[in-house]
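The values are calculated or read from the model by the stated rules, or taken from the named source; none is laboratory data. Bear in mind the structure is a predicted one, so any value in this text is a computation, not a measurement. Here the Cβ is made from the backbone with ideal geometry for all residues, glycine too, and neighbour counts use every protein chain on show.
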Amino acid sequence: MTTLTAERPATFDGPNTPARVAVPYMIIDPNGDMDIYARKSVTRKGREDRELSVHQQIKDGVRWGEWNNYRPRYVWVDNGISGSKDVHRPAYDAGLRALETGATRCLWSYKLDRFSRKGALAVLTIMDRLEGKRIFFGSDNLDTSEPRDRRMIMWRAEDAKEFSDQLSDRVADAWRYSKDEGIWLAKRVPYGLKKDPKTRKLLPDNSPAIPGQPDGPTKADVIRRIFREVGGGVTVPVVVARLHEDGIFPRPGYQWSPQRLYKILRHPAYIGLQPASDWDDREDPVYRNDKGQRVSVGKGVVTEAQQLKARKAVAERTALFGKKGTKKGVRSVGRHELSGMMFCSGCGRTMIKRGNSYGCPHKFHGGKPCASPASIMAKHAHAFVFQAFVNRLTASAPDDPLLHAVAARWLDTHRPDSVAERREAEERLENAKAALEDLVAAKYKRKEFEGPAAEFYPGLLKEAEDIVRAAEKGLSLIPEPTADIGYLLDAQTIAEAWEKATVEERRELLSLALDGVCVRKAFGKGRTPVTPDRFHYAWTGIKRILDQGDLVLTA
């Protein structure tokens, strides 16, 4: 018996399937008159066909052909394909087509359950379609060309289907039990986590993130860093660049990508929860048991509130400037006072500094056309923006929402320790509210508490509400820190601080109150005076709306 690879037979497909070349597993005798069909349900790497019984199936088929005056022609094998699921089996179709077209007189299969596990109806359909043709099932000693065997073939086909269904149910029950017990079932463990070999639950991976640097950050630290930076306002592409700059990679020879980080930010395992099947394609990626409860899969790396904050940051960290629908985010650390903060009203893209001017990227580098590319001298831009900054702050009333937003940013920048305890309490409250919101959505949006599961909902709801109340009480016992921003309300004090500040400190000062500045193209040709109406300011804490393509600020 020899295996030939030079010859490729004709295309064999079902009558309603697209053309697809099916290559025989073996070509024994191109002029033979019998084909052999073999199937293995699971492909195991590193193991030979002998261990999967395919080799023995072929030997039995060749021996049967020789005893019954047939010359084996082609051997068709479906590797790792189920015989019970409704999936396309190229070799199966090729063998049937060869029999149907007369290319061969007989199709031999080792056993009926190797041929099909779809039941009597499926096998009967094939028998009716190939009436007068011969399919022989060796181990069962059944022949479709013998009328007396037809009833037994149907019985055996139903037995094979019943066994397959029972096996599938047992596997599904075992899978569901393991999921409910919080056992990690996937082959691969997410980066930053590891599986306990005894409990098969997940734990933070405290192995070095950088090979050869045991005192450096751990893989779990890297995940915490990703959530912290994204939740703190850094865009995902910048986080990727920073990880690479620090020599941190997911594994040797591989790099991070924004798409990978977006998945990390949604993965339930990082907050210690069991992910649902195909979680990345689901609106709710968390697995729930029959009682509608979320299942712990071990110890998470971050809290649910931290994950929620990072996910919200990804969705909301965009400012609308210029034309309707244009979105921009800060993607790098600026080297100039207004880098990353100025936007062209003609196209909404971030203006860049080149020479002595800030300009629309289209004006300097081409690319996507801009209907009205803006450009302005840097000294004028700095002067106008700083003066607008001073005027807006010094004219603010005590209840101005801008001052509340500035105070919050000032605390985050200058006194992070003073707000740490309160922030943790706020995260616990956010965590509790997120769980309550998810539970309500499970009942009224996703309809998960219907039928027998409905009786569990009241108890779960009360438990979730009690947790929210306890978190609210805990937060109320922690005093809210106060920010000393009095110096920002005096024009002279601000001017003195500005003169002494570095470029980085000036950017930090402006960012307390400004989210961005939109600049229009000059009105007129040639050198024209810079006027205040060319600037539109996006103040933090102030609602922004679009009106006829231009940015309008509303308090």
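Conditions tested, residue by residue: (1) in contact with an Asp or Glu (Cβ under 9 Å, 6 or more places away or on another chain); (2) modelled with pLDDT of 80 or more; (3) more than 22 Å from ASN141 (Cβ to Cβ); (4) not in a loop (DSSP other than H, G, I, E, B).
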{"residue": "ILE81", "(1), (2), (3), (4)": "no, no, yes, no"}
{"residue": "ARG97", "(1), (2), (3), (4)": "yes, yes, yes, yes"}
{"residue": "ALA103", "(1), (2), (3), (4)": "yes, yes, yes, no"}
{"residue": "LEU107", "(1), (2), (3), (4)": "yes, yes, no, yes"}
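Looking only at segment 351-369, count every residue that is touching a Gly at 6+ places or on another chain (Cβ under 9 Å) and modelled with pLDDT of 85 or more and tell me the total.
So in segment 351-369, the residues touching a Gly at 6+ places or on another chain (Cβ under 9 Å) come out as 351-353, 360-362.
Checking the rest, the ones that are also modelled with pLDDT of 85 or more come to 351-353, 360.
Adding up the residues that qualify gives 4.
Just to be sure I understand, how many residues within segment 178-191 are touching a Ser or Thr at 6+ places or on another chain (Cβ under 8 Å) and closer than 17 Å to VAL301 by Cβ?
Final tally of qualifying residues: 1.
Please determine whether any residue of segment 262-279 is among the charged types (D, E, K, R), in the same structural domain as ILE210 (by TED's automatic domain parsing), surrounded by fewer than 19 Cβ atoms within 10 Å (Cβ to Cβ) and modelled with pLDDT under 85.
Yes, segment 262-279 contains at least one residue that is among the charged types (D, E, K, R), in the same structural domain as ILE210 (by TED's automatic domain parsing), surrounded by fewer than 19 Cβ atoms within 10 Å (Cβ to Cβ) and modelled with pLDDT under 85.
Might you let me know whether segment 205-222 holds any residue that is more than 22 Å from GLY298 (Cα to Cα), acidic (Asp, Glu) and assigned to a helix (DSSP H, G or I)?
no
Kindly indicate which of ALA453, ALA464, ALA435 is farther than 28 Å from TRP539 by Cβ and modelled with pLDDT under 80.
ALA453
For (1) surrounded by fewer than 20 Cβ atoms within 10 Å (Cβ to Cβ); (2) at pLDDT below 80; (3) part of a loop (DSSP other than H, G, I, E, B), each residue gets a yes or a no:
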| residue | (1), (2), (3) |
| --- | --- |
| LYS323 | yes, yes, yes |
| GLY334 | yes, yes, yes |
| GLU337 | no, no, yes |
| PHE343 | no, no, no |
| GLY348 | no, no, yes |
| SER372 | yes, no, yes |
| HIS380 | yes, no, no |
| GLN387 | yes, no, no |
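Kindly provide the set of residues from segment 470-488 that are more than 27 Å from SER339 (Cβ to Cβ) and surrounded by 12 or more Cβ atoms within 10 Å (Cβ to Cβ), ordered by number.
ALA470, ALA471, GLU472, GLY474, LEU475, ILE478, PRO481
Just need a number here: residues in segment 223-261 that are under 17 Å from LEU193 (Cα atoms), touching a helix residue (DSSP H, G or I) at 6+ places or on another chain (Cβ under 7 Å) and assigned to a helix (DSSP H, G or I).
4
When you look at VAL406, is it more than 26 Å from ALA471 (Cα to Cα) and at pLDDT 80 or above, yes or no?
yes
Look through segment 83-94, keep the residues that are at pLDDT below 80 and of a type in the set (Gly, Ala, Ser), and return whichever of them is surrounded by the most Cβ atoms within 10 Å (Cβ to Cβ).
The extreme case among them is GLY83.
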